[in-house]
Amino acid sequence: MIEPEPPRYSVVARLLNWTIAAMVFVMLPVGIAMTSEGFQEYGDELFILHKGLGSVLLALVAVRIVSRLVLRAPPAPSHWPPIQRRLAGLSHFGLYLLLVAMTVSGYVRTVGGGFPIELLDTLGIPPLIPEMPETADRMAVIHKFSAYALVGLVGVHVSAAMHSALVEKDGVMSRMWPPFGGGRSRGSGHG
Ligand code: HEM
Ligand code: HEM
């Protein structure tokens, strides 16, 4: 008897999880390098890259959140105890919150502080907010705190995903696997 496919995330959610993850893994080291003494020589290029990639992320995070509200997530696997469902839900909410905090604080810190975003200038996209130096300074603090929190929560998230994929082998990873390159569930799905 052929078992039915366990429910999976939408193609949009699966594409965005991996695209956003790859971009965040570039943004973090570039952000740290460009604000450190050792990389002053490449400072301008790193800032231009960070602000440009960050602006694309700002748009992708908005698309991810809107599409998540429209397309909904598959229900948590039925073998998960209630506490695990709750923790998974909370950690996912925290990840969305931190993605918004990082991108919005970065944008306001830059544009509100009167600095350019070269990529947006090239594309002819005007500043969306006026200059607000005091708020921009505060946003720099939020940006830094959120970066630490994001590193911590992504660490927990990736550990949980790897535990599911390698130890539990419960098919949770295949719910989020990219649409290309063989995404069929290798686990039982348990529901
Ligand atoms: C910066 C990096 C990442 C961020 C910000 C992120 C964010 C998220 C968010 C917000 C969700 C919840 C989706 C929803 O229910 O709406 C999610 C789900 C998921 N992510 Fe990530 N993710 C990242 C990296 C990764 C990596 C590296 C892996 C794998 C090693 C991964 C595997 C998964 C899996 C398997 C799910 C589905 C969990 C489930 O079915 O309950 N993510 N991710
Ligand atoms: C998820 C997205 C982002 C991540 C993970 C990220 C990460 C970082 C990190 C780790 C730093 C160094 C810590 C610090 O000094 O604050 C930093 C600094 C910075 N980021 Fe981002 N960033 C993101 C989005 C953005 C965006 C969208 C912009 C602007 C469009 C931006 C602009 C800046 C600026 C201007 C700094 C220097 C802050 C200062 O020295 O006051 N970032 N970022």
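The values are calculated or read from the model by the stated rules, or taken from the named source; none is laboratory data. Just so you know, these numbers come straight off a predicted model, no measurement behind them. Heads up, the Cβs are rebuilt from the backbone with ideal geometry, glycines too, and the neighbour counts pull from every protein chain shown.
Of the residues making up segment 108-140, those that are among the acidic types (Asp, Glu), assigned to a helix (DSSP H, G or I) and farther than 16 Å from residue 54 by Cα are 134, 137.
Residues in segment 88-103 that are more than 11 Å from ligand 2 (Cβ to nearest atom) and either small (Gly, Ala, Ser) or at pLDDT below 95 (or both): how many?
Taking segment 88-103 and keeping what is more than 11 Å from ligand 2 (Cβ to nearest atom), we get 88-94, 96-97.
Narrowing the set further to residues that are either small (Gly, Ala, Ser) or at pLDDT below 95 (or both) leaves 88-89, 91, 94.
Counting residues in segment 88-103 that are more than 11 Å from ligand 2 (Cβ to nearest atom) and either small (Gly, Ala, Ser) or at pLDDT below 95 (or both) gives 4.
Within segment 68-85, residues that are more than 18 Å from residue 169 (Cβ to Cβ) and without any contact (Cβ under 8 Å) to a residue 60 or more places away in the chain reach partners that are assigned to a helix (DSSP H, G or I) and aromatic (Phe, Trp, Tyr) with beta carbons closer than 9 Å, at six or more positions or on different chains, in the pairs 68/96. Across segment 73-115, the qualifying residues are those that are in contact with a Ser or Thr (Cβ under 8 Å, 6 or more places away or on another chain) and not hydroxyl-bearing (Ser, Thr, Tyr), and the one among them that is farthest from ligand 1 (Cβ to nearest atom) is 112. Applying the set (1) without any contact (Cβ under 8 Å) to a residue 60 or more places away in the chain; (2) under 20 Å from the mean Cα position of the chain (by Cα) to residue 38 leaves exactly one unmet item: (2).
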